[in-house]
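The values are calculated or read from the model by the stated rules, or taken from the named source; none is laboratory data. Here the structure is a predicted model, which is why all the values come from computation and not from measurement. Methodologically, a virtual Cβ is constructed for each residue, glycine included, from the backbone with ideal geometry; neighbour enumeration extends over all protein chains shown.
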Amino acid sequence: MSPYSDLDAAREIHIKFEFYFLALTFTMAAFAIQTGKFQGHRDWFLDLLEGGSWVALMFAGLIGLSRLEYFSPMYRANWNRTRESVPQAEADADLMRLENRNRTRYKLQKFAFGLGVVCLTASRILFNIWQHY
(Lines give C-alpha, C1' and ligand atoms only; values in the text may rest on other atoms or scores of the structure.)
Protein backbone atom coordinates (compact mmCIF):
# COMPACT_ATOMS: atom_id res chain seq x y z
CA MET A 1 0.00 0.00 0.00
CA SER A 2 1.42 3.36 -0.94
CA PRO A 3 1.41 6.36 1.41
CA TYR A 4 -0.99 8.16 -0.90
CA SER A 5 -3.62 5.44 -0.57
CA ASP A 6 -3.19 5.56 3.21
CA LEU A 7 -3.65 9.32 3.12
CA ASP A 8 -6.73 8.98 0.93
CA ALA A 9 -8.20 6.36 3.27
CA ALA A 10 -7.53 8.59 6.29
CA ARG A 11 -9.15 11.56 4.54
CA GLU A 12 -12.19 9.47 3.62
CA ILE A 13 -12.60 8.22 7.20
CA HIS A 14 -12.22 11.76 8.51
CA ILE A 15 -14.92 13.11 6.20
CA LYS A 16 -17.28 10.24 7.08
CA PHE A 17 -16.75 10.98 10.77
CA GLU A 18 -17.45 14.69 10.26
CA PHE A 19 -20.75 13.94 8.54
CA TYR A 20 -21.67 11.28 11.13
CA PHE A 21 -20.99 13.67 14.01
CA LEU A 22 -22.99 16.42 12.34
CA ALA A 23 -25.91 14.07 11.65
CA LEU A 24 -25.79 12.79 15.23
CA THR A 25 -25.87 16.34 16.57
CA PHE A 26 -28.93 17.34 14.55
CA THR A 27 -30.63 14.01 15.32
CA MET A 28 -30.12 14.56 19.05
CA ALA A 29 -31.43 18.13 18.73
CA ALA A 30 -34.52 16.92 16.84
CA PHE A 31 -35.12 14.21 19.45
CA ALA A 32 -34.79 16.71 22.28
CA ILE A 33 -37.16 19.20 20.67
CA GLN A 34 -39.79 16.64 19.63
CA THR A 35 -39.93 14.92 23.01
CA GLY A 36 -39.36 17.95 25.23
CA LYS A 37 -41.77 18.80 28.01
CA PHE A 38 -41.72 22.06 29.89
CA GLN A 39 -43.05 22.03 33.43
CA GLY A 40 -43.76 25.71 33.90
CA HIS A 41 -42.77 27.65 37.00
CA ARG A 42 -42.93 24.58 39.28
CA ASP A 43 -39.72 22.99 37.97
CA TRP A 44 -38.00 25.96 36.35
CA PHE A 45 -34.60 24.31 36.73
CA LEU A 46 -35.66 21.37 34.56
CA ASP A 47 -37.02 23.79 31.96
CA LEU A 48 -33.70 25.62 32.01
CA LEU A 49 -31.80 22.36 31.44
CA GLU A 50 -34.18 21.29 28.67
CA GLY A 51 -34.00 24.63 26.87
CA GLY A 52 -30.25 24.79 27.38
CA SER A 53 -29.84 21.39 25.76
CA TRP A 54 -31.82 22.55 22.72
CA VAL A 55 -29.71 25.66 22.32
CA ALA A 56 -26.41 23.83 22.87
CA LEU A 57 -27.23 21.03 20.41
CA MET A 58 -28.42 23.43 17.71
CA PHE A 59 -25.35 25.60 18.28
CA ALA A 60 -23.10 22.53 17.93
CA GLY A 61 -24.87 21.61 14.69
CA LEU A 62 -24.48 25.09 13.24
CA ILE A 63 -20.81 25.16 14.18
CA GLY A 64 -20.43 21.78 12.48
CA LEU A 65 -21.96 23.17 9.30
CA SER A 66 -19.60 26.13 9.39
CA ARG A 67 -16.67 23.72 9.81
CA LEU A 68 -17.68 21.81 6.69
CA GLU A 69 -17.39 25.07 4.83
CA TYR A 70 -13.67 25.15 5.65
CA PHE A 71 -12.78 21.77 4.16
CA SER A 72 -12.68 22.89 0.56
CA PRO A 73 -10.43 25.93 1.23
CA MET A 74 -8.19 23.77 3.43
CA TYR A 75 -7.76 21.16 0.69
CA ARG A 76 -7.14 23.92 -1.85
CA ALA A 77 -4.54 25.55 0.42
CA ASN A 78 -2.85 22.19 0.92
CA TRP A 79 -2.86 21.59 -2.83
CA ASN A 80 -1.32 25.06 -3.38
CA ARG A 81 1.36 24.24 -0.81
CA THR A 82 2.26 20.85 -2.29
CA ARG A 83 2.13 21.96 -5.93
CA GLU A 84 3.95 25.21 -5.17
CA SER A 85 1.42 27.17 -7.24
CA VAL A 86 1.76 30.08 -4.79
CA PRO A 87 4.80 31.14 -2.76
CA GLN A 88 5.56 28.59 -0.04
CA ALA A 89 5.37 31.07 2.84
CA GLU A 90 1.99 32.36 1.70
CA ALA A 91 0.61 28.84 1.21
CA ASP A 92 1.86 27.72 4.63
CA ALA A 93 0.39 30.79 6.34
CA ASP A 94 -2.95 30.34 4.61
CA LEU A 95 -3.14 26.65 5.49
CA MET A 96 -2.11 27.30 9.10
CA ARG A 97 -4.76 30.03 9.48
CA LEU A 98 -7.51 27.77 8.13
CA GLU A 99 -6.44 24.80 10.26
CA ASN A 100 -6.34 26.91 13.42
CA ARG A 101 -9.83 28.28 12.80
CA ASN A 102 -11.15 24.82 12.06
CA ARG A 103 -9.49 23.36 15.17
CA THR A 104 -10.98 26.09 17.37
CA ARG A 105 -14.44 25.52 15.92
CA TYR A 106 -14.10 21.76 16.43
CA LYS A 107 -13.30 22.25 20.11
CA LEU A 108 -16.29 24.56 20.45
CA GLN A 109 -18.50 22.08 18.60
CA LYS A 110 -17.46 19.20 20.87
CA PHE A 111 -18.00 21.32 23.98
CA ALA A 112 -21.47 22.46 22.85
CA PHE A 113 -22.44 18.90 21.91
CA GLY A 114 -21.26 17.54 25.26
CA LEU A 115 -23.03 20.31 27.15
CA GLY A 116 -26.24 19.64 25.22
CA VAL A 117 -26.12 15.91 25.93
CA VAL A 118 -25.38 16.47 29.63
CA CYS A 119 -28.18 19.03 29.99
CA LEU A 120 -30.66 16.81 28.13
CA THR A 121 -29.74 13.73 30.16
CA ALA A 122 -29.89 15.61 33.45
CA SER A 123 -33.25 17.16 32.56
CA ARG A 124 -34.83 13.83 31.65
CA ILE A 125 -33.39 11.92 34.62
CA LEU A 126 -34.26 14.62 37.15
CA PHE A 127 -37.76 14.91 35.70
CA ASN A 128 -38.35 11.19 36.30
CA ILE A 129 -36.91 11.39 39.82
CA TRP A 130 -38.82 14.53 40.83
CA GLN A 131 -42.04 13.22 39.32
CA HIS A 132 -42.21 10.59 42.08
CA TYR A 133 -41.86 13.17 44.89
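Of all the residues that make up segment 49-75, how many are aliphatic (A, V, I, L, M) and closer than 9 Å to Gly116 by Cβ? Quick ask: steps written out before the conclusion?
In the first step, residues of segment 49-75 are kept if they are aliphatic (A, V, I, L, M); the result is 49, 55-58, 60, 62-63, 65, 68, 74.
Subset that is closer than 9 Å to Gly116 by Cβ: 55-58, 60.
The number of residues fulfilling the criteria is 5.
Go through Arg103, Arg67, Arg76, Arg83 for me and flag whichever is of a type in the set (Lys, Arg) and touching a residue at least 24 places away in the same chain (Cβ under 8 Å). Outline the logic, then answer.
Values: Arg103 fails: touching a residue at least 24 places away in the same chain (Cβ under 8 Å); Arg76 fails: touching a residue at least 24 places away in the same chain (Cβ under 8 Å); Arg83 fails: touching a residue at least 24 places away in the same chain (Cβ under 8 Å).
Sole residue among the options that is of a type in the set (Lys, Arg) and touching a residue at least 24 places away in the same chain (Cβ under 8 Å): Arg67.
Determine which single condition Gln39 fails, assuming it passes every other condition in (1) without any contact (Cβ under 8 Å) to a residue 12 or more places away in the chain; (2) surrounded by 12 or more Cβ atoms within 10 Å (Cβ to Cβ); (3) not in a helix (DSSP H, G or I).
Here Gln39 meets the rest and fails (1).
Identify the residue in segment 1-44 that is farther than 23 Å from Ser66 by Cα and aromatic (Phe, Trp, Tyr) and, among all such residues, is modelled with the highest pLDDT.
Here the residue is Trp44.
Any residue in segment 117-133 that is among the hydroxyl-bearing types (Ser, Thr, Tyr) sitting within a Cβ distance under 8 Å of a residue that is in a helix (DSSP H, G or I) and surrounded by 13 or more Cβ atoms within 10 Å (Cβ to Cβ)? List the pairs, counting only those 6 or more apart or interchain.
Close Cβ pairs (under 8 Å, with a partner that is in a helix (DSSP H, G or I) and surrounded by 13 or more Cβ atoms within 10 Å (Cβ to Cβ)) amount to Ser123/Leu46; Ser123/Leu49; Ser123/Glu50; Ser123/Ser53.
Taking Arg76, is it under 23 Å from Ile125 (Cβ atoms) and of a type in the set (D, E, K, R)? Working first, answer last.
Working: under 23 Å from Ile125 (Cβ atoms): no; of a type in the set (D, E, K, R): yes.
Judged against the criteria, Arg76 is not a match.
Of the numbered conditions (1) hydroxyl-bearing (Ser, Thr, Tyr); (2) closer than 30 Å to Trp130 by Cβ; (3) loosely packed, with under 15 Cβ neighbours inside 10 Å, Thr25 satisfies every one except a single condition; which is it?
(3)
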